[in-house]
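Take a look at the structure set out below.
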Amino acid sequence: MNELRFMVPGMCCGHCANAISVALSELSGVASVDIDVTSAWVVVRGQGFKISAVQTEVNKTGHVAEL
């Protein structure tokens, strides 16, 4: 299983975290998404997901993934 850790500056509430979690969970190859709103860290685990797709989905929520 692969793991990608990144920060999402400006993610400051449960609503933001939920939007990002839902968007990333729908990506092919993503098995789990863990988000810590306090530190703005996101951890994506799975097999075969594309980093560019992760960035695109985070951008669609109005945030930026800092890889």
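Some points to look at:
- Crossing angle, helix 14-25 versus the chain [Cα axis fit, 0-90 degrees, rounded to tens]: 10
- Summing Cβ point charges (Lys, Arg +1; Asp, Glu -1) relative to the Cα centre of region 1-63 gives a dipole of roughly 120 debye.
- From helices alone, the chain scores -10000 deg cm²/dmol at 222 nm; the rule is -39500 (n - 2.57) for each run of n ≥ 4 DSSP H residues, then divide by the residue total.
- Helix axis angle, 51-60 relative to the chain longest principal axis, alpha carbon, degrees: 30
- Dimensions of the chain along the principal axes, based on C-alpha atoms and rounded to the nearest Å, stand at 29, 19, 19, largest first.
- Per residue accessible area of the chain, 1.4 Å probe, in Å²: 57
- Residue-by-residue Karplus 3J(HN,Hα) for region 35-43, coefficients 6.51, -1.76, 1.60, Hz, glycine and proline x: 10, 10, 4, 4, 9, 6, 8, 10, 10
The values are calculated or read from the model by the stated rules, or taken from the named source; none is laboratory data. Quick caveat: nothing in here was measured; it's all calculated off a predicted structure. Because the Cβ atoms are built from the backbone with ideal geometry, glycine has one as well, and the counts that use them run over all protein chains shown. Only protein heavy atoms, including side chains, enter the accessible area calculation; ligands, DNA and RNA are left aside. Shrake-Rupley method; radii C 1.70, N 1.55, O 1.52, S 1.80 Å.
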